[in-house]
Amino acid sequence: MSAIRENFLQVQNRIAAAAERAERAPGSVGVVAVSKTKPVELILEAIEAGVTDIGENRVQEAECKYSQIDRPVRWHLVGHLQTNKVKSALQIFDLIHSVDSLRLLSEIERRSAELNRQTDVLIQVNTSAEPSKYGIEPDGTLDFIESALDYSHVRIKGLMTIGAFLPDPEEVRPSFVLLRRLKEKIMAQQFPGIDLEYLSMGMTNDFEVAIEEGANLVRIGTAIFGTRE
């Protein structure tokens, strides 16, 4: 068994255990294999192992890989998106996790209208209050979504957050609780056209806690592909 296949199996087992603790079905949690800095050969190996969703942090790196991979996988942009890269991003990604400003959302709407398509996005929320992290402030998320209701070429499909990188995953739990509660608050408003299907939260160091708090998309890089050089 290849190292990546074994790693992915272990990740699936850990997801299943965390889901069981939360009284959820393991199949309710999707895995985005984050292949930042990893070569195409390893991505293909991961796909052979059963990975169906690939995550990239940068549009330029993703463009190169996308052109070399003809397998039926879903592509996720999990890193910060600059407005001048939106046009290129729309050619690649099935889901953009990192919408963090109305300016960016407006540009996605404009470019999507040009292509006569709808683009699925997640709103990134800064739940850890770290100045170094991108994301909408939690208290401003409801107003942000209200401001986007007139956009007909963008579908807001959920929320995303990046927890603080801390040694103890339990210390990150409050960020995940905050995002889940925020989702519940938004859904209670019953905004037309807003269906928050996804809670994208949790990475290699904390995804089990994220699942216990409601994550149904986890973004796993190191635990599948190994440490980055």
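The values are calculated or read from the model by the stated rules, or taken from the named source; none is laboratory data. Given the structure is predicted, the values throughout are model-derived calculations rather than measurements. Here the Cβ is made from the backbone with ideal geometry for all residues, glycine too, and neighbour counts use every protein chain on show. For the accessible areas, the whole protein counts, side chains as well, though only heavy atoms, and no ligand, DNA or RNA atoms are used. Shrake-Rupley method; radii C 1.70, N 1.55, O 1.52, S 1.80 Å.
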Any chance Lys133 is open to solvent by 10 Å² or more (accessible area, probe 1.4 Å) and in contact with a helix residue (DSSP H, G or I) (Cβ under 8 Å, 6 or more places away or on another chain): no
Lone qualifier among Ile156, Ile194 - being open to solvent by less than 30 Å² (accessible area, probe 1.4 Å), part of a loop (DSSP other than H, G, I, E, B) and not small (Gly, Ala, Ser): Ile194
Matching entry among Val51, Val86, Val78, Val34 (being in contact (Cβ under 8 Å) with a residue 24 or more places away in the chain and in contact with a helix residue (DSSP H, G or I) (Cβ under 6 Å, 6 or more places away or on another chain)): Val86
Segment 206-229, subset modelled with pLDDT under 95 and in contact with a helix residue (DSSP H, G or I) (Cβ under 9 Å, 6 or more places away or on another chain), residue most open to solvent (accessible area, probe 1.4 Å): Arg228
In segment 37-47, residue surrounded by the fewest Cβ atoms within 10 Å (Cβ to Cβ) [restricted to those that are without any contact (Cβ under 8 Å) to a residue 40 or more places away in the chain and out of contact with any helix residue (DSSP H, G or I) (no Cβ under 7 Å at 6 or more places or on another chain)]: Glu41
Among (1) open to solvent by less than 10 Å² (accessible area, probe 1.4 Å); (2) touching a helix residue (DSSP H, G or I) at 6+ places or on another chain (Cβ under 8 Å), the one test that Leu122 misses: (2)
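Checking the condition over 19 Å from Asn205 (Cα atoms) and buried (at least 18 other Cβ atoms within 10 Å of the Cβ), which residue from Ala25, Ala18, Ala62 passes?
Values: Ala25 fails: buried (at least 18 other Cβ atoms within 10 Å of the Cβ); Ala18 fails: over 19 Å from Asn205 (Cα atoms).
Matching residue, one of Ala25, Ala18, Ala62: Ala62.
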Segment 175-191 - residue that is without any contact (Cβ under 8 Å) to a residue 40 or more places away in the chain and either assigned to a loop (DSSP other than H, G, I, E, B) or open to solvent by 40 Å² or more (accessible area, probe 1.4 Å) (or both) and, of those, nearest to Val121 (Cα to Cα): Lys183
Residue under evaluation Val218, criteria (1) free of Cβ contacts under 8 Å to residues at least 24 places away in the same chain; (2) not in a loop (DSSP other than H, G, I, E, B), criterion not met: (1)
Segment 100-147: number of residues that are free of Cβ contacts under 8 Å to residues at least 40 places away in the same chain and either in a loop (DSSP other than H, G, I, E, B) or among the aliphatic types (A, V, I, L, M) (or both): 18
